[in-house]
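Following: one structure in structure tokens, then a few remarks.
Since every read-out is calculated from the coordinates, none of them should be taken as a lab result. Since the structure is predicted, the reported quantities are computational estimates derived from the model, not experimental observations. Every residue, glycine as well, gets a Cβ built from its backbone with ideal geometry; the counts of neighbours run over all protein chains shown.
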């Protein structure tokens, strides 16, 4: 065994162990939520939980519509969270839709009076974690978390292969196991996926 190969194994072992430990919770999170997404009818409600609220915004702020001011007033007065997904403005009303993982909030505002009807929709904790799995309405920072977990998985698999390659006595059986795994996935795709 050459010194360079020995060093490669040492670095691979350290990376494999510590990156696996570093990403363990998020890897388990994505494994569990992937299972939940595959069986949504077991975990997610068929219809979101809906509740409504009524209130009033200052009508004076609604005549020259500024999307930012209106949405921030809605957040302040009604405690709404999430990103503004849609903003519709016509001569009689304003409708603002906010989204975040598992939740959708729609505010309908009468421009003349400021009367506001808020509809909150929620799919609960299961909707929250499955939306996080998909990165749905979670923002760019969470998108980076998903990307980092994907990169971690590639590095963990690659370092695992490097470590496996050093096991000469068990290398043949490892190759057989890998080929069986690959063959199984291809067979299922070919024969079972419409």
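The simple Förster model, with R0 at 25 Å and r as the Cβ-Cβ distance, assigns residue 37 and residue 17 a FRET efficiency of 0.30.
Binning the C-alpha pair distances of segment 97-194 at 10 Å intervals from 0 yields a P(r) profile of 13, 20, 22, 22, 11, 7, 4, 1, 0 %, listed from the shortest bin outward.
The slack between residue 179 and residue 167, meaning 0.36 nm per residue of separation minus the straight C-alpha distance, is 2.6 nm. With the convex hull drawn around the C-alpha atoms of the chain, the volume per residue stands at 175 Å³. Helix 171-192 versus the longest principal axis of the chain: what is the Cα-based angle in degrees, 0 to 90, to the nearest 10? Approximately 40 degrees, to the nearest ten. Taking only Cα atoms and a 10 Å spring cutoff, compute GNM fluctuations for the chain and point out the largest among 177, 81, 138. Evaluated over the chain, the most mobile residue of the options is 177.
Full extension of the segment from residue 29 to residue 66, taken as 0.36 nm per residue of separation minus the current Cα-Cα distance, would add 9.3 nm. Kirkwood analysis of the Cα pair distances in segment 49-122 returns a hydrodynamic radius of 12.1 Å.
Seen against the Cα atoms of the chain and their longest principal axis, helix 3-38 is set at about 40 degrees. Size of segment 95-150 from its Cα atoms: along the principal axes, largest to smallest, the extents are 50, 21, 9 Å. Output the 0 to 90 degree angle, nearest 10, between the alpha-carbon long axis of helix 67-78 and the longest principal axis computed from the alpha carbons of the chain. Rounded to the nearest ten degrees, it is 90. Quick one: among 180, 37, 57, which has the greatest mean-square fluctuation in a GNM of the chain with alpha-carbon springs under 10 angstrom? Looking only at 180, 37, 57, the largest GNM fluctuation is found for 180.
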